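Below is one structure; the comments refer to it alone.
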Amino acid sequence: MTKIAQRTMLEDFFTLTEMKDGISTVARIAELISEMHKLENSADINMSDVIRQCSTAANALASTKNEECLQHFVQLNGVSFLNRWLQDAQKCVGDVSSSAEDLIVAILTALECLPISNEQSASCRVMRTVDHLLAHGNAVINQKARALRHKWSAVPKHGTNGEHFHAEEA
């Protein structure tokens, strides 16, 4: 794959319909996870390109209403990607502040849509990352982080869909 193709992979991945209405098939979710792996393994992309691509993916995911797709994203460990993106965006806030903060908001919005149990949020460490945002200076980020923290704390051990989740012991 050429450097140019790598540079635009997530932006070109989504159809206009998916960008507006979200992803509608589990096969596309699996393809998205594959593209996220490729982005993570690309060393030649500058930070502003990465932020733009991650924002595109997070916004498309946040637009997804198909519960089966959202569950599949969680099952394929997609939350760990969002967690790493969230951590990276927090490190960039001083450098490219508005786009990094926009990415944080997009990721938090995507996380709000996902069927994540309290145990899952803790095991992939996204809860810890979100906790760091509880005192963020941006009011929108602060509010979304608090809402997520409350949501995950309020989710019973069987999750939101009635299935029982088993906490993994460390």
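Numbers below:
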{"item": "Length-normalised contact order for the range 31-119 - Cα pairs under 8 Å, 6+ apart - percent", "result": "41"}
{"item": "Accessible area (Å², per residue) of the range 30-99, counting only protein heavy atoms and a probe of 1.4 Å", "result": "45"}
{"item": "Two-site FRET efficiency, THR15 against GLU40, from Cβ-Cβ distance with R₀ of 22 Å, rounded to 0.05", "result": "0.45"}
{"item": "Heavy-atom surface of the range 102-149, accessible at 1.4 Å and reported per residue (Å²)", "result": "42"}
{"item": "Highest to lowest packing among 65-71, 38-44, scored as the average C-beta count within 10 Å", "result": "65-71, 38-44"}
{"item": "For the range 74-139, alpha-carbon Rg over 2.2 N^0.38 Å", "result": "1.07"}
{"item": "³J(HN,Hα) computed for each position of the range 135-149 - Karplus, 6.51 cos²θ - 1.76 cosθ + 1.60, integer Hz, glycine/proline x", "result": "10, 5, x, 7, 4, 5, 4, 4, 5, 5, 5, 5, 5, 5, 4"}
{"item": "About the Cα centre, charge dipole magnitude for the range 7-69 (Lys/Arg +1, Asp/Glu -1 at Cβ), debye", "result": "100"}
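The values are calculated or read from the model by the stated rules, or taken from the named source; none is laboratory data. All of these numbers come straight from a predicted model, not from anything done at the bench. Here the Cβ is made from the backbone with ideal geometry for all residues, glycine too, and neighbour counts use every protein chain on show. Please note that ligands, DNA and RNA were not included when accessible areas were found on the heavy atoms of the full protein model with its side chains. Shrake-Rupley method; radii C 1.70, N 1.55, O 1.52, S 1.80 Å.
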